[in-house]
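Here it is, the structure in full.
The values are calculated or read from the model by the stated rules, or taken from the named source; none is laboratory data. These figures come from a predicted structure and were not determined experimentally. Cβ atoms come from the backbone with ideal geometry, glycine included; neighbour counts cover every protein chain shown.
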Amino acid sequence: ASEMAAFENSYKLFSLPYLFRDRDHYYQVMQGDIGRKILDSTKSKGYFGLTFYDGGARSFYGNKPVLKPDDLKGMKVRVQPSPGAVEMIKVMGGNPTPLDYGELYTALQQGVVDMAENSVMALTTMRHGEVAKSFSLDEHTMVPDVVLMSNAAFDKLSPENQAVILKAAKESMSYMKDLWSEEEKQEFAKLDKMGVKVYQ
(Lines give C-alpha, C1' and ligand atoms only; values in the text may rest on other atoms or scores of the structure.)
Protein backbone atom coordinates (compact mmCIF):
# COMPACT_ATOMS: atom_id res chain seq x y z
CA ALA A 1 0.00 0.00 0.00
CA SER A 2 2.93 2.38 0.50
CA GLU A 3 3.45 2.58 -3.27
CA MET A 4 -0.25 3.36 -3.71
CA ALA A 5 0.16 6.61 -1.75
CA ALA A 6 1.74 8.16 -4.86
CA PHE A 7 -1.54 7.62 -6.73
CA GLU A 8 -4.19 8.07 -4.05
CA ASN A 9 -4.00 10.15 -0.87
CA SER A 10 -6.13 7.80 1.24
CA TYR A 11 -3.30 5.24 1.16
CA LYS A 12 -1.01 7.74 2.92
CA LEU A 13 -2.67 6.91 6.23
CA PHE A 14 -0.65 3.69 6.37
CA SER A 15 2.52 5.70 6.92
CA LEU A 16 1.11 7.19 10.14
CA PRO A 17 2.86 5.64 13.14
CA TYR A 18 0.86 3.93 15.86
CA LEU A 19 -2.38 4.32 13.91
CA PHE A 20 -3.57 0.86 14.94
CA ARG A 21 -3.79 -0.28 18.57
CA ASP A 22 -2.92 -3.87 17.69
CA ARG A 23 -3.37 -6.49 14.96
CA ASP A 24 -7.05 -7.04 15.82
CA HIS A 25 -7.75 -3.33 15.38
CA TYR A 26 -5.79 -3.35 12.10
CA TYR A 27 -7.86 -6.26 10.71
CA GLN A 28 -11.08 -4.69 11.94
CA VAL A 29 -10.33 -1.54 9.95
CA MET A 30 -9.07 -3.38 6.86
CA GLN A 31 -12.13 -5.66 6.72
CA GLY A 32 -14.62 -2.92 7.55
CA ASP A 33 -16.13 0.13 5.85
CA ILE A 34 -12.94 2.20 6.09
CA GLY A 35 -10.93 -0.51 4.37
CA ARG A 36 -13.53 -0.83 1.61
CA LYS A 37 -13.53 2.96 1.06
CA ILE A 38 -9.75 2.94 0.68
CA LEU A 39 -9.89 0.02 -1.77
CA ASP A 40 -12.56 1.81 -3.83
CA SER A 41 -10.80 5.19 -3.71
CA THR A 42 -8.99 4.63 -7.03
CA LYS A 43 -12.03 3.66 -9.12
CA SER A 44 -11.98 7.06 -10.83
CA LYS A 45 -8.42 6.25 -11.94
CA GLY A 46 -9.47 3.03 -13.69
CA TYR A 47 -8.69 0.40 -11.05
CA PHE A 48 -9.62 -0.57 -7.51
CA GLY A 49 -8.50 -2.78 -4.67
CA LEU A 50 -10.07 -6.19 -4.28
CA THR A 51 -8.62 -6.84 -0.84
CA PHE A 52 -5.75 -6.25 1.54
CA TYR A 53 -3.16 -8.84 2.52
CA ASP A 54 -1.06 -8.60 5.64
CA GLY A 55 2.32 -7.15 4.72
CA GLY A 56 3.67 -7.31 8.26
CA ALA A 57 4.19 -4.66 10.87
CA ARG A 58 7.26 -2.46 10.85
CA SER A 59 9.41 -2.37 13.98
CA PHE A 60 12.89 -1.00 14.71
CA TYR A 61 16.05 -3.08 14.57
CA GLY A 62 19.74 -2.40 14.98
CA ASN A 63 22.32 -3.12 17.67
CA LYS A 64 20.51 -1.46 20.56
CA PRO A 65 16.87 -1.63 21.59
CA VAL A 66 14.33 1.12 21.00
CA LEU A 67 12.08 1.06 24.05
CA LYS A 68 10.84 4.66 23.80
CA PRO A 69 11.00 7.37 21.11
CA ASP A 70 13.93 9.08 22.89
CA ASP A 71 16.05 6.01 22.15
CA LEU A 72 16.14 7.13 18.51
CA LYS A 73 17.67 10.54 19.30
CA GLY A 74 20.65 11.12 17.04
CA MET A 75 20.40 7.66 15.49
CA LYS A 76 20.72 7.27 11.71
CA VAL A 77 17.62 5.29 10.75
CA ARG A 78 17.16 3.83 7.29
CA VAL A 79 13.71 4.73 6.01
CA GLN A 80 11.75 4.19 2.85
CA PRO A 81 11.93 7.23 0.59
CA SER A 82 8.48 8.45 1.60
CA PRO A 83 7.61 11.77 3.26
CA GLY A 84 5.67 10.01 6.03
CA ALA A 85 8.55 7.72 7.00
CA VAL A 86 11.06 10.58 6.96
CA GLU A 87 8.82 12.81 9.10
CA MET A 88 8.12 10.02 11.61
CA ILE A 89 11.84 9.53 12.32
CA LYS A 90 12.43 13.31 12.55
CA VAL A 91 9.62 13.69 15.09
CA MET A 92 11.15 10.87 17.17
CA GLY A 93 14.51 12.67 17.15
CA GLY A 94 16.31 10.36 14.75
CA ASN A 95 18.11 11.18 11.53
CA PRO A 96 16.10 9.67 8.66
CA THR A 97 18.36 8.14 6.04
CA PRO A 98 16.60 7.12 2.81
CA LEU A 99 18.58 4.22 1.42
CA ASP A 100 17.96 1.54 -1.20
CA TYR A 101 16.75 -1.64 0.49
CA GLY A 102 19.35 -3.73 -1.32
CA GLU A 103 22.12 -1.68 0.32
CA LEU A 104 20.78 -2.00 3.86
CA TYR A 105 22.66 -5.13 4.99
CA THR A 106 26.02 -3.53 4.19
CA ALA A 107 24.92 -0.16 5.59
CA LEU A 108 24.04 -1.78 8.93
CA GLN A 109 27.24 -3.82 8.90
CA GLN A 110 29.45 -0.79 8.22
CA GLY A 111 27.61 1.63 10.50
CA VAL A 112 26.34 3.83 7.67
CA VAL A 113 23.00 3.56 9.48
CA ASP A 114 22.40 2.61 13.12
CA MET A 115 18.89 1.29 12.71
CA ALA A 116 16.25 0.25 10.23
CA GLU A 117 12.58 -0.53 10.47
CA ASN A 118 10.75 -3.43 8.88
CA SER A 119 9.02 -6.70 9.70
CA VAL A 120 10.64 -9.77 11.20
CA MET A 121 11.03 -11.14 7.65
CA ALA A 122 13.77 -8.57 6.91
CA LEU A 123 15.85 -9.96 9.76
CA THR A 124 15.51 -13.55 8.57
CA THR A 125 14.96 -13.74 4.82
CA MET A 126 17.22 -10.77 4.06
CA ARG A 127 19.60 -11.90 6.84
CA HIS A 128 19.67 -8.48 8.51
CA GLY A 129 19.69 -10.39 11.81
CA GLU A 130 23.32 -11.26 11.09
CA VAL A 131 24.27 -7.59 11.52
CA ALA A 132 21.44 -6.26 13.74
CA LYS A 133 21.03 -8.03 17.07
CA SER A 134 18.14 -6.05 18.64
CA PHE A 135 14.56 -6.18 17.35
CA SER A 136 12.23 -3.74 19.12
CA LEU A 137 8.75 -5.06 18.44
CA ASP A 138 6.75 -1.83 18.58
CA GLU A 139 4.83 -2.43 15.31
CA HIS A 140 4.70 1.32 14.70
CA THR A 141 3.26 0.95 11.20
CA MET A 142 1.19 -1.80 9.62
CA VAL A 143 1.25 -1.48 5.86
CA PRO A 144 -0.85 -3.99 3.92
CA ASP A 145 -0.30 -5.35 0.45
CA VAL A 146 -3.13 -4.59 -1.97
CA VAL A 147 -4.64 -6.84 -4.64
CA LEU A 148 -5.71 -4.60 -7.53
CA MET A 149 -8.00 -5.08 -10.52
CA SER A 150 -8.78 -2.82 -13.44
CA ASN A 151 -12.30 -1.47 -13.75
CA ALA A 152 -12.35 -2.50 -17.43
CA ALA A 153 -11.55 -6.16 -16.67
CA PHE A 154 -14.04 -6.27 -13.79
CA ASP A 155 -16.80 -4.61 -15.83
CA LYS A 156 -16.43 -7.23 -18.60
CA LEU A 157 -17.45 -9.96 -16.16
CA SER A 158 -21.04 -11.04 -15.63
CA PRO A 159 -22.61 -9.93 -12.33
CA GLU A 160 -22.34 -13.54 -11.13
CA ASN A 161 -18.61 -13.69 -11.89
CA GLN A 162 -18.07 -10.28 -10.30
CA ALA A 163 -19.68 -11.63 -7.13
CA VAL A 164 -17.42 -14.70 -7.26
CA ILE A 165 -14.30 -12.50 -7.60
CA LEU A 166 -15.34 -10.27 -4.68
CA LYS A 167 -16.18 -13.28 -2.49
CA ALA A 168 -12.88 -15.00 -3.33
CA ALA A 169 -10.96 -11.81 -2.54
CA LYS A 170 -12.67 -11.50 0.84
CA GLU A 171 -12.04 -15.16 1.69
CA SER A 172 -8.44 -14.97 0.50
CA MET A 173 -7.75 -12.15 2.97
CA SER A 174 -8.67 -14.41 5.89
CA TYR A 175 -6.62 -17.25 4.41
CA MET A 176 -3.59 -15.00 3.88
CA LYS A 177 -3.96 -13.63 7.42
CA ASP A 178 -3.60 -17.17 8.78
CA LEU A 179 -0.66 -17.95 6.47
CA TRP A 180 1.13 -14.74 7.48
CA SER A 181 0.59 -15.42 11.17
CA GLU A 182 2.06 -18.92 10.85
CA GLU A 183 5.00 -17.64 8.81
CA GLU A 184 5.73 -14.95 11.39
CA LYS A 185 5.83 -17.53 14.19
CA GLN A 186 8.41 -19.52 12.24
CA GLU A 187 10.49 -16.42 11.52
CA PHE A 188 10.48 -15.33 15.18
CA ALA A 189 11.78 -18.78 16.12
CA LYS A 190 14.70 -18.21 13.71
CA LEU A 191 15.66 -14.95 15.45
CA ASP A 192 16.74 -16.81 18.57
CA LYS A 193 19.05 -19.03 16.51
CA MET A 194 20.51 -15.90 14.89
CA GLY A 195 21.25 -14.37 18.30
CA VAL A 196 18.72 -11.55 17.86
CA LYS A 197 17.04 -10.37 21.06
CA VAL A 198 13.39 -9.32 20.76
CA TYR A 199 12.21 -6.41 22.95
CA GLN A 200 8.50 -5.79 23.54
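Please verify whether the stretch 84-106 includes one or more residues that are out of contact with any His (no Cβ under 8 Å at 6 or more places or on another chain) and of a type in the set (Phe, Trp, Tyr).
Scanning the stretch 84-106, I find at least one residue that is out of contact with any His (no Cβ under 8 Å at 6 or more places or on another chain) and of a type in the set (Phe, Trp, Tyr), so the answer is yes.
Hey, another quick one. Enumerate the pairs (first residue in the stretch 109-122 and farther than 14 Å from Glu139 by Cβ and surrounded by fewer than 15 Cβ atoms within 10 Å (Cβ to Cβ); second residue anywhere and at pLDDT 95 or above and basic (Lys, Arg)) with beta-carbon separation below 9 Å, excluding pairs fewer than 6 apart on the same chain, so at least 6 apart or on different chains.
Taking only residues 6 or more apart or on different chains, the pairs are Gly111/Lys76; Val112/Lys76; Val112/Arg78.
Something else about it: Give me the helices (runs of 4 or more DSSP H) completely within the stretch 68-158, filtered to those with at least 3 residues that are touching a Ser or Thr at 6+ places or on another chain (Cβ under 8 Å), ordered by residue number. Break it down into steps so the answer makes sense when it comes.
Details: elements: 83-91, 104-110, 120-124, 151-155.
Answer list for the stretch 68-158: 83-91.
Within the stretch 1-57, can you find the residues that are part of a strand (DSSP E or B) and over 21 Å from Phe154 (Cα atoms)?
Within the stretch 1-57, Ala57 is the sole residue that qualifies.
Taking the stretch 60-82 as the search range and keeping residues that are farther than 11 Å from Asp138 by Cβ and of a type in the set (Val, Ile, Thr), which one is nearest to the chain's Cα centre (by Cα)?
Here the answer is Val79.
Select from the stretch 180-197 the residues that are of a type in the set (Lys, Arg) and outside any helix (DSSP H, G or I) and list them in ascending order. Give the steps one after another, and end with the answer.
So in the stretch 180-197, the residues of a type in the set (Lys, Arg) come out as 185, 190, 193, 197.
Of everything in the stretch 180-197, just one residue is of a type in the set (Lys, Arg) and outside any helix (DSSP H, G or I), namely Lys197.
Output the number of the condition that Lys68 fails; it satisfies all remaining conditions of (1) touching a residue at least 60 places away in the same chain (Cβ under 8 Å); (2) over 30 Å from Lys156 (Cα atoms).
(1)
Which number in (1) surrounded by fewer than 22 Cβ atoms within 10 Å (Cβ to Cβ); (2) modelled with pLDDT of 95 or more; (3) in contact with a Pro (Cβ under 6 Å, 6 or more places away or on another chain) marks the one condition that Ser136 misses?
Here Ser136 meets the rest and fails (1).
If a residue has to be loosely packed, with under 11 Cβ neighbours inside 10 Å, free of Cβ contacts under 8 Å to residues at least 40 places away in the same chain and not acidic (Asp, Glu) to count, how many in the stretch 150-174 make the cut?
Kept after step one, since they are loosely packed, with under 11 Cβ neighbours inside 10 Å, are these residues of the stretch 150-174: 152-153, 155-156, 158-160, 167.
Adding the requirement that they be free of Cβ contacts under 8 Å to residues at least 40 places away in the same chain leaves 153, 155-156, 158-160, 167.
With not acidic (Asp, Glu) added as a condition, the list becomes 153, 156, 158-159, 167.
Adding up the residues that qualify gives 5.
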